[in-house]
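Readers should treat all values here as calculations from the given coordinates under stated rules, not as data from a laboratory. Everything numeric here is computed off the predicted structure, so don't read it as measured data. Cβ sites come from the backbone with ideal geometry, for glycine too, and all protein chains shown count toward neighbours.
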Amino acid sequence: MNPFSSGTRMRDMIRAIRACKTAAEERAVVRKECAAIRAAISENDQDYSHRNLAKLMFIHMLGYPTHFGQMECLKLIATAGFPEKRIGYLGLMLLLDERQEVLMLVTNSIKQDLNHTNQYIVGLALCALGNLGSAEMARDLAPDVERLLQFRDPNIRKKAALCTIRIIKKVPDLAENFIKPAAVLLKEKHHGVLITGVQLCTDLCRVSDEALEYFKKKSIDGLVKLLRDLTNSPYAPEYDISGITDPFLHVRLLKLLRVLGEGDADASDSMNDLLAQVATKTESNKNAGNAILYECVAAIMSIEDNGGLRVLAVNILGRFLSSRDNNIRYVALNMLMKAMALDSQAVQRHRATILECVKDPDASIRKRALELVYLLVNENNVKQLTKDLVDYLEVSDPEFKGDLSAKICSIVEKFSPEKIWYIDQMLKVLSEAGNYVKDDVWHALIVVITNAPNLHGYTVRSLYKAVQTTTEQETLLRVAVWCVGEYADLLISNAGMLDIEDPITVTEADAVNVVETAIGRDSSDLTTRAMCLIALLKLSSRFPSLSKRINDIIHRHKRSLVLELQQRAIEFNSIIGKHEKIRSALVERMPVLDEATFSGRRAGSVPNAVSTSQGAPPKIPNGVVKPAPPPLVDLLDLSSDDVPTSVSVGGDFLHDLLGVDMSPAPSQGTNQTKKSGTDMLLDLLSIGDPPALSNSAALDILSTSQDSQSAGDLSGKSPTPLLSVKASTSAGSSSMMDLLDGFGATPSVPVTDAPTYPSIVAFESSSLKVTFNFTKDPSSQHTTLIEAQFTNKSPNIYSNFVFQAAVPKFLQLHLDPASSNTLPASGDGSITQTLRISNSQHGKKSLVMRMRINYKVNNKDVLEEGQINTFPRGL
Amino acid sequence: MGRFFLVKVIRELSGMILTRAPKLCNFVEWRGYKVVYKRYASLYFCMCIDQDDNELEVLEIIHHYVEILDRYFGSVCELDLIFNFHKAYYILDEILIAGELQESSKKTVARLIAAQDSLVEAAKEQASSISNMIAQATK
């Protein structure tokens, strides 16, 4: 006896495993058994290989790895005896799948077994091939299987038929070889062979048009006769199920007839009577009968139209729909979806019942019913149906609310007859189930709202009322906060009152209350709070008398640990506090958001990364590493012959532009640009010699110097977190300070008496707009100061926003850091950045520039680039 | 990846099916497929099918299989299936191949299984008698 054999019989192992009380115990037992089996395998133990494989299969079913046993299967299959082959093939089917390469090794064994004298061994091989065969095996063994289709024993013929199905699915080219042999099977008497033969013919027709034609020509009448005889046959105990003889064969035959009749009027004609007979005669009190009826209805729906039959079918479905058996109702709902395409009127008649099914306690039925209701909606019934669905939304299960609200929103968007109804319904849905609603749904709502100026007052007042009562729905709150911010003046003044509205009194303070509550809620998330801040800014502009109070609210968030909120709070605080002149311009009423663009982008679901502005800029391959500086010829396809270079902040900025490293921002924390970061800071703060700085040290200098030098300006600024990308942010804040401070002091303010140059839209795509405002540096004719303003045209926030530019050699470009690198959505704020260009060919050549913008939206990186040729002359 | 997938599948489906109340329909939708299940005492038999398969027929197939098991084991219970899982598989292989029905006659299936079982018995007897002979000879 093999000393390494575990010795336990399989049932003892199973008993031991079942006796384990913890997972760890079980693992220990399994480990021990596996070790013994492994040892036995490596010792090439013959005696217990059968038992070992059986144990291995059990262990596999429990979920443990058993790949070491795969070769054992092959060994057992190759053994001569029947029991070994039997367990070997079973092991093969359980432990392997067709992706394993080991499977190829079995091909030869299977081939030999297919030609074995023992028909049960042939059966084993056919079974394994049919369950597991890969395409190569199918190709190799197809001739053997074809031969077996005519084997003397029906047991083999039926297995061969099913094996053939797999072969033709894996290798459709081989289908033609099997058409004639399959047709022969249809003449059989043995039910097993008939069932498998019919199934084979059905699949042949699906895979090969030639087969379809053949069977249509030759076999329909035979099949019709077969089914008729079957339907009329007397009681046959061997095949009887619930009083029907062999319902399986019924169903298969109906399926084949459906495939043959589809799209073919003649074929359909020859089966009409039979289908009518089956439809009327089959008993439907038991599942077997209903299965046949169901298949019959499916056949009638698919074949060519015969008015009477269709009516019959829909009647059956109607009966099914009112059955008390849930299974029947389920399949009825399923089939009615297909019936919609053929006779939607008939299905509409059952609308009430279907609507009831949406409220069914059974989740599967609810799902089907909801899908069907969606198909039933048309312009006439949309209002009633939506009302029913929204009413149900209030009482539905939480798991269902997501699906239901999504469907309602979909229906509302598709069929809404007028905007006010749309807004009303959406408000109801948001009030009920706002938390389940996806982002693009409420974005779409906002787009619609902006496009309905006559409803702005109504909308904001409805939202105001809604949030007084419903406090838990985040999405509702966001839409409300946005609208209150935008249309607060309409809210107070009751402007644009519609007839259906009751007047409400809302004071300025009330409006601010709404936003204050929203931002103060514990459960408000980042997006909501960010939107609240922007709304507060808007309110401070619309209600100047409450500026102080609003400023206090914003002030509370200047120490927020969330960077986005902190940044916004600081910036807005600053605007309210010191820059009232520009505040109203900043937060003017939003322009109407372009619905077409929005829905187009939504359909595409990826924001356009290609600039669609003037001309088609040559594409730069993303992320291509260009080691040496000069290859800029690709970059700038300018008419100028100069090899373009660019000088901007830090000499290595160009590398960034070429995509050497895709890290954004001029003041980047890479080793290369470390120096540039320092230079930039020097420029900004006019500090003397800085020590060799790392990025964090640079930030320290920034904060300390700010504290000392411009303490007055940056009251209460807290040090920002030290992230490399954010280096530009903190610098950005200070640079924004400089920018804005500069409005009064330096000549870089657009409002001067120097010759003004018209602003241009440097770049515009469907998601982004870039404006350039120009002023000349009074100290130097060649130098132009450009204030670049970036506006986000989409409803998604852009983060990591970085603008880069390159100019030809005769120009010198200097970029100041941007005001921020988050661009709020829908133009709710913008990023500004100052550029300084010196034109050595001033007067002879115009400015020209290539720009590239990187940002992140919805966690995807986006690149937009373009060339700006529209600089005013004389710069 | 492949081997643990089965366990993951079972876990997911158990979560969906075991929580369903008794009177509900026997179909759940899972990852784009339909799963038909039928409960017998403490056992659930599940079959995963495509969108265009006939669910009601599949219920009958499950019942067909269970009845055959019942006849084979004589009032089959859960323990029979645990300790004789390989036999349950052998029977399944006579009813379905690649998910398609193979034989609608319970009598035929029983006969085929019996024939194969007796082949196994015969082989066992032969093996034990040979080893007896060898044991005798080498004493």
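Computed from the C-beta positions of A:GLU356 and A:ASN285, the FRET efficiency with R₀ = 25 Å rounds to 0.60.
Note: relative contact order over the stretch B:24-77, using C-alpha pairs below 8 Å and six or more positions apart, is 24 percent.
Straight Cα distances below 14 angstrom link A:LYS538 to the aspartates and glutamates A:GLU486, A:ASP489, A:GLU508, A:GLU516, A:GLU571, A:GLU580, A:GLU588, A:ASP828, with same-chain residues fewer than 8 positions distant left out.
Do you know the relative contact order of the stretch A:221-354, to the nearest whole percent, from alpha carbon pairs under 8 angstrom that are 6+ apart? 20 percent. Here the Karplus relation 6.51 cos²θ - 1.76 cosθ + 1.60, evaluated at θ = phi - 60°, turns the backbone of the stretch A:836-852 into coupling constants of 10, 10, 10, 10, 6, 10, 4, x, 9, 10, 7, 6, 8, 7, 10, 10, 9 Hz, with x for every Gly and Pro. Each residue of the stretch A:121-131 was assigned a 3J(HN,Hα) from its phi angle through the Karplus curve 6.51 cos²θ - 1.76 cosθ + 1.60 (θ = phi - 60°); the sequence is 6, 4, x, 4, 5, 4, 4, 5, 5, x, 7 Hz, with glycine and proline shown as x. D by Stokes-Einstein for the stretch A:770-875, Kirkwood Rh over Cα pairs, 10 °C, 1.306 mPa s: 110 µm²/s. Convex hull of alpha carbon positions in the stretch A:434-500: directionally averaged projected area 4.5 nm².
From the Cα trace of the stretch B:1-136, what convex hull volume per residue do you get, rounded to a whole Å³?
So the per-residue hull volume is 156 Å³.
P(r) of the stretch A:299-350 in 10 Å steps, Cα pairs, percent per bin? P(r) over the stretch A:299-350, rounded to whole percents: 26, 58, 15, 0. Within the same chain, aspartates and glutamates fewer than 8 places from A:LYS809 are excluded, and of the rest, those with a Cα less than 19 Å from its Cα are A:ASP634, A:ASP637, A:ASP641, A:ASP642, A:ASP652, A:ASP656. Between A:LYS225 and A:ASP440, residue separation times 0.36 nm minus the direct Cα-Cα distance comes to 71.7 nm. Available extension along the chain between A:SER302 and A:ALA39 is 88.8 nm, counting 0.36 nm per residue and deducting the alpha carbon span. Among the listed pairs A:LYS32/B:LYS8; A:LYS55/A:LYS75; A:LYS189/A:LYS218, a Cα-Cα separation exceeding 21 Å is found for A:LYS32/B:LYS8. Computed over the alpha-carbon atoms, the stretch A:478-569 gives an Rg to Rh ratio of 1.01, Rh here being the Kirkwood radius from the mean inverse distance.
In terms of surrounding Cβ atoms within a 10 Å radius of their Cβ, A:SER344, A:SER819, A:SER574 rank from fewest to most as A:SER344, A:SER574, A:SER819.
Across the stretch A:408-414, rounded Karplus estimates of 3J(HN,Hα) from the backbone phi angles (6.51 cos²θ - 1.76 cosθ + 1.60, θ = phi - 60°) give 4, 4, 4, 4, 4, 5, 6 Hz, Gly and Pro being marked x. For chain B, find the longest principal axis of its Cα atoms and tell me its angle to the long axis of helix B:55-73, 0 to 90°, nearest 10. Helix B:55-73 sits roughly 30 degrees off the main axis of chain B. Average 1/r across all pairs of distinct alpha carbons in the stretch A:1-72, invert it, and you get the Kirkwood radius: 12.2 Å. Each Cα pair of the stretch A:26-149 feeds into the Kirkwood radius, which the Stokes-Einstein equation turns, at 10 °C and 1.306 mPa s, into a diffusion coefficient of 107 µm²/s.
Straight-line cross-link reach from A:LYS578 at under 15 Å between alpha-carbon atoms covers these aspartates and glutamates, not counting any fewer than eight positions away in the same chain: A:ASP552, A:ASP713, A:ASP738, A:ASP741. Segment A:THR107..A:ALA236, full-extension length gain: 42.3 nm, with 0.36 nm per residue of separation and the alpha-carbon distance subtracted.
Here the mean projected area of the convex hull built on the C-alpha positions of the stretch A:125-169 is 2.6 nm². Around the Cα centre of the stretch A:209-261, unit charges on the Cβ atoms of Lys, Arg, Asp and Glu (plus for the first two, minus for the last two) sum to a dipole of about 200 debye.
The stretch A:756-796 and the stretch B:83-139 have their alpha-carbon centroids 85 Å apart.
Taking all pairs of distinct Cα atoms, average 1/r, flip it, and tell me the Kirkwood hydrodynamic radius of the stretch A:422-534 in Å to one decimal place.
13.9 Å
In units of the rule-of-thumb radius 2.2 N^0.38 Å, the stretch A:223-305 shows an alpha carbon radius of gyration of 1.03. Pairs of Cα atoms nearer than 8 Å and 6+ residues apart set the relative contact order; for the stretch A:756-808 it is 28 percent.
By other beta-carbon atoms within 10 Å, ranking B:ARG71, A:ARG873 with the fewest at the front produces A:ARG873, B:ARG71. For B:TYR40, the residues 5 or more places off, or on other chains, whose built amide H falls under 5 Å of its own are B:PHE45. By other beta-carbon atoms within 10 Å, ranking B:PHE45, A:PHE572 with the fewest at the front produces B:PHE45, A:PHE572.
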